[in-house]
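Q: Quick one: the structure is below, questions incoming.
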Amino acid sequence: MEALLKVKNLSISVQAPGKTKKMNQLLSCVEDISFEINPGEILGLAGESGSGKSLTALSIMGLLGENKKVTNGSIVFSRDAAASNLLSLCEKDLEVIRGKEISMIFQEPFPSLNPLVKVGAQIAETLELHGEKNKSLVKNRVMELMARLKFENPEKLTESYPHQLSGGMCQRVMIALAIINRPRLLIADEPTTALDQNTQGEILSLLKEINEALGTSILYISHDLSTVKNFCTRVLVMYCGRILEEGNTGEIFSNPKHEYTKNLLASIPNRANRGKELAVIPGRIPSLEEGRPQGCPFHPRCLKAGPLCRSEFPPAKSISANHKTHCVTGGSE
């Protein structure tokens with residue numbers, strides 16, 4: 001099967017902050033990561049805040065901003081006509097793809113919506129920007145989508161402003177904006193973080209329905225491994241700008257091999273540890289200014305770290321055909 005998206009050796013840096021001699025210094029925030037997303041797949045990108053997950057997503061969308069830049073690698077997207085390296089496209093060509101073939105649901109719905117424009121008009125605008133001029137057809141598409149996403153009273157909702165809606169409803173509007181053009185790839189960046197548990201479940205169910213009904217591939221970004229476990233087909237575990245482990249969801253959760261993955265899984269609340277003190281990973285993820293530790297970036301927090309862990313980033317070790325890890329101890333108990 002030909003991959004829909006191929007990220008190869010991607011590195012991203014950010015300009016050092018402050019009015020100092022470091023103004024032109026670039027700080028590495030993502031280092032030499034590679035992965036693929038297959039058609040119809042839900043791929044999870046998991047890790048603590050500050051791991052580089054959102055920056056990876058923004059690089060795919062071409063939305064990194066002025067103080068951040070891709071310093072190496074390629075992001076190849078398979079289109080109907082031919083594959084395109086998204087990093088080599090000009091802004092005009094990216095605008096053709098962005099919102100139509102690749103869409104993104106952002107972490108916070110309120111800042112992503114225009115407070116002065118009714119939500120129906122905002123959803124319709126996404127269609128119009130990509131060439132649909134028939135106003136009647138646009139309106140029908142918007143109403144059909146709202147019914148599909150199980151909005152109550154769609155007619156009233158289209159005339160509402162974002163501030164009149166709940167967080168969960170605004171997130172549904174963001175989903176509508178993202179899928180109105182039936183994209184082939186949907187990037188969901190922490191789409192349920194600020195929502196209550198019931199609303200989280202509803203949003204994930206909606207995304208699953210979109211994946212199954214439209215065949216849309218999803219890159220699902222989250223620090224919540226419990227949602228990743230139940231939602232994703234395959235998982236990438238990311239820490240400090242590096243992918244440390246990857247594999248099918250079942251294998252990662254039943255047979256984790258990197259010490260970071262093991263620590264993350266041990267910190268998930270479940271019935272077995274109810275009433276007990278949750279496991280805590282010692283230390284913290286280093287800041288950009290502190291820099292990524294040499295070797296395996298997790299070694300300062302790892303109780304099993306040895307000299308090799310501190311000297312070089314471990315090469316990939318295959319655990320199975322669908323599971324590999326970058327860990328010196330990977331597999332040892």
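The values are calculated or read from the model by the stated rules, or taken from the named source; none is laboratory data. Just so it is clear, the model here is predicted, and its values are computed rather than measured. As a convention, Cβ positions derive from the backbone with ideal geometry for all residues, glycine included, and neighbour counts pool all protein chains shown.
Q: Looking at (1) surrounded by fewer than 16 Cβ atoms within 10 Å (Cβ to Cβ); (2) in contact with a helix residue (DSSP H, G or I) (Cβ under 9 Å, 6 or more places away or on another chain); (3) more than 20 Å from G52 (Cα to Cα), which one does S318 not meet, given that it meets all the others?
A: (2)
Per-residue answers, yes or no, for (1) of a type in the set (K, R); (2) crowded, with 17+ Cβ neighbours inside 10 Å; (3) assigned to a strand (DSSP E or B); (4) on the phi > 0 side of the Ramachandran plot:
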residue: K8; (1), (2), (3), (4): yes, no, yes, no
residue: S59; (1), (2), (3), (4): no, yes, no, no
residue: D80; (1), (2), (3), (4): no, no, no, no
residue: S84; (1), (2), (3), (4): no, yes, yes, no
residue: K92; (1), (2), (3), (4): yes, no, no, no
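Q: Among the residues of the stretch 128-156, what is the count of those that are closer than 18 Å to L113 by Cα and over 28 Å from the mean Cα position of the chain (by Cα)?
A: So the count comes out to 2.
Q: Right, something else. Might you check whether a residue that is modelled with pLDDT of 95 or more and touching a Lys or Arg at 6+ places or on another chain (Cβ under 8 Å) occurs anywhere in the stretch 325-333?
A: yes
Q: Return the residues of the stretch 111-160 that are touching a residue at least 12 places away in the same chain (Cβ under 8 Å) and assigned to a loop (DSSP other than H, G, I, E, B); say none if nothing qualifies.
A: L113, N114, P115, L116, V117, K118, H130, L149, K150, F151, E159, S160
Q: Evaluate the stretch 174-191: report whether one residue or more is at pLDDT 90 or above, over 22 Å from I37 (Cβ atoms) and in contact with a Pro (Cβ under 6 Å, 6 or more places away or on another chain).
A: Within the stretch 174-191, not a single residue is at pLDDT 90 or above, over 22 Å from I37 (Cβ atoms) and in contact with a Pro (Cβ under 6 Å, 6 or more places away or on another chain).
Q: Here are some conditions: (1) more than 27 Å from L27 (Cβ to Cβ); (2) loosely packed, with under 13 Cβ neighbours inside 10 Å; (3) modelled with pLDDT under 90. P282 meets all but one. Which one does it not meet?
A: Result: P282 passes all but (1).
Q: Right, here's the next one. Restricting to the stretch 161-170, give me the number of residues that are without any contact (Cβ under 8 Å) to a residue 24 or more places away in the chain and over 26 Å from the mean Cα position of the chain (by Cα).
A: Total satisfying the criteria: 1.
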